[in-house]
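As structure tokens, the structure follows; a few thoughts come after it.
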Amino acid sequence: MKFNCKDIENRVNIPKHIAIIMDGNGRWAKKRLLPRVAGHVRGVKRVKEIVEYCAKIGVTYLTLFAFGRENWRRPADEVTFLMKLLYEQLDKEFIKLHEQGVKIRFIGDKSRLRPEIRDKIIKLETITINNTRLNLNIALDYSGTYDITQAVNKILAQKITSITEEDFSKYLLTYPDVEPELLIRTGGESRLSNFMLWQVAYSECYFTNTFWPDFKIKDLDLAIKWFNTKERRFGMISEQLE
Ligand code: IPE
Ligand code: IPE
Ligand code: MG
């Protein structure tokens, strides 16, 4: 299923916010007898396609899990490679996204990144801040528990002693984005791996065996099509939604 302007007119429900756990790069490479890092390189290609496509079909927010806090535990050479790969993209590819009107934000702990990466991502956030076409969040040194903890610490620093759920969410790193309607995880695992715990409370969760380097536009279309079959009841019953 491909979406075009007519589909959008016909009210195919394009989720406002899609979040993706991009998993399976290493296994994609292993299957081809390639080093794990070859999977990461191919994965970058998919990121570009998916971001451009989401902008085209009118997704408002896209959050991509690029590097989790737990991923620092990987072998040092893989971590170094991933950071180098990111650094290279920051120059050419992300500037292209800026030219396409994408607003880029990095969510996570910026303090542990190498200074040259930190400087570049802050610069990118600054230059794209007024863009309106697609809000792209790249989760980098991010975890759901980190997000909640940093929110609590901000609240404590303001000496607030009681808070509503609605106000709490204003301290999360994803604020002011709406919560993801659709969460996708590629690579065959059906776990959240500490991604966006608060925000996915009512997301539709789509798990696919496809490895991220194989996840093409047609696969995203399938996920959106699946999303369109879901009745989102939020605790109510069908009859109340008619
Ligand atoms: C996801 O793919 C990419 C990152 C976590 C950076 P993996 O590297 O986890 O791939 P698998 O799960 O080992 O196949
Ligand atoms: C989750 O993938 C993190 C990212 C996709 C960036 P992992 O491959 O690290 O997750 P686990 O450790 O297998 O759960
Ligand atoms: Mg993995």
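The values are calculated or read from the model by the stated rules, or taken from the named source; none is laboratory data. Predicted model only: the values in this text are computed from it and were never measured. A quick note on method: Cβ atoms are made from the backbone with ideal geometry, for glycine too, and the neighbour counts reach across all protein chains shown. Ligands, DNA and RNA are stripped out before the accessible areas are found, and what is left, the full protein with its side chains, is counted by its heavy atoms. Shrake-Rupley method; radii C 1.70, N 1.55, O 1.52, S 1.80 Å.
Miscellaneous remarks
- For the chain, calculated [θ]222 nm from helices alone, where every DSSP H run of n ≥ 4 adds -39500 (n - 2.57): -13500 deg cm²/dmol
- Sorting the segments 71-77, 28-34 by their residues' average number of neighbouring beta-carbon atoms within 10 angstrom, most packed first, yields 28-34, 71-77.
- Using the Cβ-Cβ distance between ARG73 and THR149 with R0 = 25 Å, the FRET efficiency computed as 1/(1 + (r/R0)^6) comes to roughly 0.85.
- Per-residue extension of 0.36 nm, minus the Cα-Cα distance of GLU52 and LYS84, leaves a gain of 9.3 nm for this segment.
- Legend: residue pairs LYS30/LYS92; LYS45/LYS218; LYS48/LYS230; LYS30/LYS96; LYS103/LYS170, Cα-Cα distance threshold 26 Å; pairs beyond threshold, LYS30/LYS92; LYS48/LYS230; LYS30/LYS96.
- Working ranking of peptides 92-98, 236-242 by packing, defined as the average number of other Cβ atoms within 10 Å per residue, highest first, is 92-98, 236-242.
- Each peptide among 184-195, 114-125, 152-163 gets the average number of other Cβ atoms lying within 10 Å of its residues, and from highest to lowest they stand as 184-195, 114-125, 152-163.
- The H on the amide N of MET22, modeled in the peptide plane, is under 5 Å from the matching H of PHE65, each at least 5 residues off or on a different chain.
- Rounded percent of accessible protein surface that carbon and sulfur make up, segment 46-108, 1.4 Å probe: 53
- Cα-centre dipole for the chain with unit charges at Cβ (Lys and Arg positive, Asp and Glu negative), debye to 20: 840
- Relative contact order [Cα under 8 Å, 6+ residues apart], the chain, whole percent: 29
- For segment 154-234, with all protein chains in place and a probe radius of 1.4 Å, 51% of the accessible heavy-atom surface sits on carbon or sulfur.
- Span from the segment 208-242 Cα centroid across to the segment 75-106 one, whole angstrom: 28
- Dipole of the chain computed with +1 at Lys/Arg Cβ and -1 at Asp/Glu Cβ about the Cα centre; of GLY108, THR208, LEU82, farthest Cα towards the positive end is LEU82.
- Set of segment 136-175 residues, backbone N closer than 11 Å to the point 7 Å along the Cα-Cβ line of GLU125: 138, 140, 173-174
- For ASP109 and LEU33, the FRET efficiency from 1/(1 + (r/R0)^6), where r spans their Cβ atoms and R0 equals 35 Å, is about 0.50.
- Think of a 1.4 Å ball rolled over the protein heavy atoms: the chain then has 54 Å² of accessible area per residue.
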